[in-house]
1. Rounded to the nearest angstrom and ordered from largest down, what semi-axes does the equivalent ellipsoid of the range 37-81 get from its C-alpha gyration tensor (root of 5λ)?
2. Can you give the FRET efficiency for Gln16 and Val70, using 1/(1 + (r/R0)^6), R0 = 25 Å, r = Cβ-Cβ distance, to the nearest 0.05?
3. In whole Hz and in residue order, list the ³J(HN,Hα) couplings for the range 78-94 that follow from phi through the Karplus curve 6.51 cos²θ - 1.76 cosθ + 1.60, θ = phi - 60°; x for Gly and Pro.
4. Please list, in order along the range 54-67, the HN-Hα scalar couplings obtained from phi with the Karplus expression 6.51 cos²θ - 1.76 cosθ + 1.60 (θ = phi - 60°), rounded to whole Hz, x for Gly and Pro.
5. Find the centroid of the Cα atoms in the range 58-93 and in the range 3-45, then give the distance between the two in whole Å.
6. Starting from the amide H of Lys51, placed 1.01 Å from N in the peptide plane, find each other amide H under 5 Å away whose residue is 5 or more places distant or on another chain.
7. Distance in nm between label sites at Thr28 and Arg48, each 7 Å beyond Cα in the beta-carbon direction?
Amino acid sequence: MFGDLSGMMAKLKEAQQKIEATKLRLNTILIDGEAGNGLVKVTVTANRAVKNIAISEELTDKEEIEDLLVIALNKALEKANSISEAELAAAAKDGMPNIPGMDLFK
């Protein structure tokens with residue numbers, strides 16, 4: 001019915017290894033986000049870990065700093081999420097076996 005089951009299992013294991021390797025690589029991809037014309041800058045990894053926050057000394061208002069920080073983080077995390085999803089989907093698609101009747105990736 002499914003053909004070479006052991007071959008499919010090997011492909012699934014290979015796909016899992018590719019996904020894990022991709023997750024590790026995503027830790028090395030840095031994404032920047034900024035707000036207030038560069039007054040607040042953040043750097044996150046593609047796995048959405050915050051690596052750096054830089055706040056200009058020009059900013060003194062606590063509420064403004066908080067607002068700009070939220071904006072900058074959301075921008076960076078949105079980019080990180082897009083990159084992460086695309087990379088993991090590519091790794092999964094590349095390693096998945098072709099199972100007849102299951103059009104998993106079109």
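Read the figures in this text as sums done on the coordinates, not as results from a lab. Keep in mind it's a predicted model, so treat the numbers as computed, not measured. We place every Cβ from the backbone using ideal geometry, glycine too, and count neighbours over all the protein chains shown.
1. 20, 10, 8
2. Given R0 = 25 Å and the Cβ-Cβ separation, E is 0.10.
3. 5, 5, 4, 4, 4, 5, 4, 4, 5, 5, 5, 5, 5, 5, 5, 5, 5
4. 10, 10, 4, 5, 5, 7, 10, 7, 4, 5, 5, 4, 4, 4
5. What the calculation gives is 16 Å, centre to centre.
6. Here the answer is Thr43, Val44, Thr45, since their amide H atoms fall under 5 Å of that of Lys51.
7. A separation of 2.3 nm, rounded to one decimal place.
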